[in-house]
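First comes the structure, then the notes that go with it.
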Amino acid sequence: MTEARHTPRVFSGIQPSGGLTLGNYLGAMKRFVDMQDDGSETLYCMVDLHAITVWQDPAKLARATRELCAGYLASGLDPARSILFNQSQVPEHAQLAWIFNCVARMGWMQRMTQFKDKAGKNAQNASLGLFAYPALMAADILAYHATHVPVGEDQKQHLELTRDIAAKFNHDYEVDFFPLTEPVIEGAATRVMSLRDGSKKMSKSDPSDMSRINLTDDADTIAKKIRKAKTDPEPLPAEVEELEGRPEARNLVNIYAALSAQSVEQVMRDCGGKPFSEFKPMLADLAVETLAPISSEMARLMQDEAEIDRILAEGAARARAIATPILRETFKIVGMVGA
């Protein structure tokens, strides 16, 4: 468990790779908003250094970074209550990552399933950055002594590695300096699935735009995509256990539960027995009510890039005020002269 002496602090981030979806909103952004009022200090990052582990068009990366910030703001993150910044403006991330590159072991990195998935059969052609990605992620978190990180299931292994790096650093230097950060994995829709295939994660890379709801979709498009979402011929069951083996039904129920801030059990009690011809319009109305205002606000914010850049710069300054003394102390522990 994290030592009580560490200030309760939440850190998380999303890659600015463009194409924000309902999965980003329910799996991350909505949770970020909920956590900014729980009494902990909250930092939410646009992790642009992680984005370039695979090649990015510079102009598209810049736009995607601002669009992600606009998505944060439109979803309800308040730059007065949460620190919002892009990773490359805080050099402490990269500096601490080098220290952690020297703490982490090759065998640890080789076990990371996300590297295997992303590199595929061309691992020898993957960037060194993609391989070392988890050490940078550990630095993102530990540069702030973050005690909690809201993540999806697909990032849980990286959080475990962050804990391993913190524990090894503390052991090697005989200190109790870095916290053992706790992952926060909860909610009905932390992993939102494709509207066309309930066994696959909703993704901007899917060739079918009908597989996902984009945060830039207008109300009519959102409703159309939900009405046309793949389902099976049976009505909704009354019990959660009966969703087993029905991935598309389970996905739509999860989305409804997350958007309405209800448990899956509550949704089953209210909607069990309804055919999809009744349930889908209910879900469409709820999704439009929630997401259409976000889409409109994102579009408005993107008309003022200078204001977005101002918010990011201000957030970076606040982030550095926390990270700089932590990095300086890390250097002293390691034995860096002049730190």
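Where a number appears in this text, it was derived from the coordinates with a stated rule and is not lab data. If you're wondering where the values come from, they're calculated on a predicted model, not measured in any experiment. Cβ coordinates were reconstructed from backbone atoms using ideal geometry, including for glycine residues, and neighbour counts include every protein chain displayed.
For the reader, a short list of remarks on this structure follows.
- Within the chain: Cβ-based charge dipole about Cα centre, in debye rounded to nearest 20 (Lys, Arg +1; Asp, Glu -1): 880
- Extent along principal axes [Cα atoms of segment 209-300; Å; largest to smallest]: 43, 24, 19
- In degrees, nearest ten, helix 92-101 long axis to first principal axis of the chain (Cα): 80
- Translational diffusion coefficient of segment 65-186 (Stokes-Einstein, Kirkwood radius from Cα pairs, 37 °C, 0.692 mPa s): 209 µm²/s.
- Debye log10 I(q)/I(0) at q = 0.14, 0.15, 0.16, 0.21 Å⁻¹ for segment 1-98, Cα point scatterers: -0.55, -0.63, -0.71, -1.12
- Stretchable slack from R310 to R5, in nm (0.36 nm times residue separation minus alpha-carbon distance): 106.5 nm
- Per-peptide packing, taken as the mean over residues of other Cβ atoms within 10 Å, places 258-265, 37-44 in the sequence 37-44, 258-265 from highest down.
- A simple packing score, the average count of other Cβ atoms within 10 Å per residue, orders the peptides 95-107, 9-21 as 9-21, 95-107, with the highest score first.
- Of interest is the spacing of the C-alpha centroids, which for segment 152-194 and segment 1-67 amounts to 15 Å.
- Angle in degrees between helix 58-75 and the longest Cα principal axis of the chain, rounded to the nearest 10: 70
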